[in-house]
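A short write-up of the structure that comes next.
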Amino acid sequence: MKFNTSLLHGNFSGDKITGATNTPIYQSNAFEHQSAEELENIFHNHAPGFAYTRINNPTVEAFERRINFLEGGIGTIACASGMAAIANALLNILKSGDEIVSSPSIFGGTLGLFRNFEDFGIRTRYAAETSPESFKEKITHDTKAFFVETIGNPKLDVANIQAIADVAHAGKIPFIVDNTVATPFLVKPISLGADIVIHSSSKYINGSGNSISGLIVDGGTFQWEEGRYPDLAQAQKRYGKFAYLSKLRSDLFRNLGACLAPMNAFLNSIGLETLGIRMERLCSNALTLAEFLDGNPKISMVNYPGLKGSQWHELAKKQFGGYYGAILTLRVGRKENAFKIINHLRYAVNAANIGDSRTLVIHPASTIYAYASAAEKENAGVYDDLIRISVGLEDVEDIIRDFSEAIDKIQV
Ligand SMILES: *Cc1c(COP(=O)(O)O)cnc(C)c1O
């Protein structure tokens, strides 16, 4: 099955009872069972079935199964948000005293979460840059997870997934990849050696900015060693390759309670079906806009991995098969210029989001990174004069005209 076909047919199963062509929205908290024994078996993981929507739900499961097919996992857990997915994915592995090694250029919310983890004795060491060598330098005896964004938001640096996976596995460390910005249209990280893939499906998978959600996909290949991961090693004895997912769903995920609402799972399943044709158009619009703005004397830097001058271009070209994502950033000299451009745009919407059908812009330094330290901003490639653009589905001529007219308003 090729990509677009897999979005429509991969693990898809409408409704067997009525023939409805979409999985219905099972808006029910609980599920009735014929006998006490039956419910006991479900609660003990001895039989499949639904008990309570905080743990699982048929509409949510239908979405999970489709994503799982797409990313090539052995199982997927959908969460209330991308942040919930990241928290669940890591806390299922880590204990107080453990360390994460992360790329330095990660999403503002994730930076904040990793700061929160410090209060629970979990420390994050940031690699100097997103390279296998930099990750290797930060490994200690306590390193229990590697974390990276395939394309950093908003630095737009590109992770060499296979090379970082090799470093992780040499150190017996599981490798977690946030694939939100790249989407499976550009790359399927499990096929390159990632162990666990995260998504904020609020973004490109949803595609229209109408529901917050997150995903954890497990590749099922990581070997949990008794000495380093005692709980997961225990689960492995019982559940084999499903150790990570079984432990998560029957323990932390159910107890934290950040489950996905059935209605939001439904909306995401609909959005998912057009991911391929949207990404094709979005990436093409982004490349056209980046090439148009590159060289404009009022813009000191256009950052987009699709530009030949980008330091990430060759790796992106090789890893993503000719597409470069739909986010670019501009530096325009001063914060006042950034604000002036944002205020003069007609179509582009000033909003804290990416992956919507409409073009979105934001000034990251004063918003998403408002609470980040100077060093964190520097690492994330966030400057006072930086504008992030999440390119939308409009006709590219209109997007170009919108930016040209707004940029004309500034003095440099
Ligand atoms: C938005 C985003 C998140 C957080 O997802 P939410 O759904 O907003 O909680 C995590 N990682 C990346 C790369 C994001 O862009």
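The values are calculated or read from the model by the stated rules, or taken from the named source; none is laboratory data. Just so it is clear, the structure is predicted and the values come from calculations on it, not from any experiment. The area values use the complete protein model at the heavy-atom level, side chains included, leaving out ligands, DNA and RNA. Shrake-Rupley method; radii C 1.70, N 1.55, O 1.52, S 1.80 Å.
Points to keep in mind about this one:
- Carbon/sulfur fraction of accessible area - the range 224-357, other protein chains in place, 1.4 Å, %: 52
- Long hydrophobic helices in the chain: none of the complete DSSP H runs spans 27 Å or more by Cα along its own axis with mean Kyte-Doolittle hydropathy of at least 0.5.
- Each Cα pair of the range 1-140 feeds into the Kirkwood radius, which the Stokes-Einstein equation turns, at 25 °C and 0.890 mPa s, into a diffusion coefficient of 133 µm²/s.
- Partner aspartates and glutamates whose Cα lies under 13 Å from the Cα of Lys335, excluding those fewer than 8 positions away in the same chain, are identified as Asp384, Asp385.
- Taken one residue at a time, the phi angles of the range 324-332 give Karplus couplings (6.51, -1.76, 1.60, θ = phi - 60°) of 9, x, 10, 10, 9, 10, 10, 10, 10 Hz. Gly and Pro are set to x.
- Eligible lysines near Lys247 by straight Cα distance, threshold 20 Å, same-chain separation 8 or greater: Lys95, Lys144, Lys172, Lys237
- Here the relative contact order of the chain, from alpha carbon pairs under 8 Å that lie six or more residues apart, stands at 17 percent.
- Surface composition of the range 93-205: carbon and sulfur atoms hold 47% of the protein heavy-atom accessible area at a 1.4 Å probe.
- Cα coordinate range in the chain, projected on the principal axes (Å, largest first): 74, 54, 36
- Average accessible area per residue (Å²) across the chain - probe 1.4 Å, nucleic acids and ligands excluded: 42
- Only aspartates and glutamates eight or more places from Lys2 in sequence, or on another chain, were considered; those with a Cα closer than 17 Å are Glu71, Glu273, Glu280.
- For the range 245-299, the Stokes-Einstein estimate of translational diffusion at 4 °C and a viscosity of 1.567 mPa s comes to 86 µm²/s, using the Kirkwood hydrodynamic radius over alpha-carbon pairs.
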